[in-house]
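The values are calculated or read from the model by the stated rules, or taken from the named source; none is laboratory data. Computed from a prediction, not measured in an experiment: that's the story for all the values here. No Cβ is skipped: glycine too gets one built from the backbone with ideal geometry, and neighbour counts run over all protein chains shown. Surface accessibility is based on the protein's heavy atoms, side chains included, excluding ligands, DNA and RNA. Shrake-Rupley method; radii C 1.70, N 1.55, O 1.52, S 1.80 Å.
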Amino acid sequence: MCEAFAPEFFSVDDEGTLTVVAEIVPAGSETTVHNAVSACPVAALKITALS
C-alpha cells in the first residue's frame, strides 16, 4: 500500500520487503508521505522529525 501512495519514496520487492527510496521529504510532499505511512497495512513505517 505504501508504494501505491508514494512510489517516489517507497518500493516493495517481489518478496514484500519495503525499501525507503527517499528518506528526506521535500516541502510539498508531506501529505503524500503521511498518507502512504497511514495506509501501511502492518504499521511498519513511522514518521519522525529531524532535529
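Mind listing whichever residues of region 1-50 are polar (S, T, N, Q) and touching a Pro at 6+ places or on another chain (Cβ under 7 Å)?
Here is the first cut: in region 1-50, the residues polar (S, T, N, Q) are 11, 17, 19, 29, 31-32, 35, 38, 48.
Scanning region 1-50 gives no hits.
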Of the residues in region 22-51, those that are without any contact (Cβ under 8 Å) to a residue 24 or more places away in the chain, in a loop (DSSP other than H, G, I, E, B) and open to solvent by less than 90 Å² (accessible area, probe 1.4 Å) come to Ala22, Val25, Pro26, Gly28, Ser29, Ala43
Positions within region 6-21 being surrounded by 12 or more Cβ atoms within 10 Å (Cβ to Cβ) and modelled with pLDDT under 90, in sequence order: Val12, Leu18
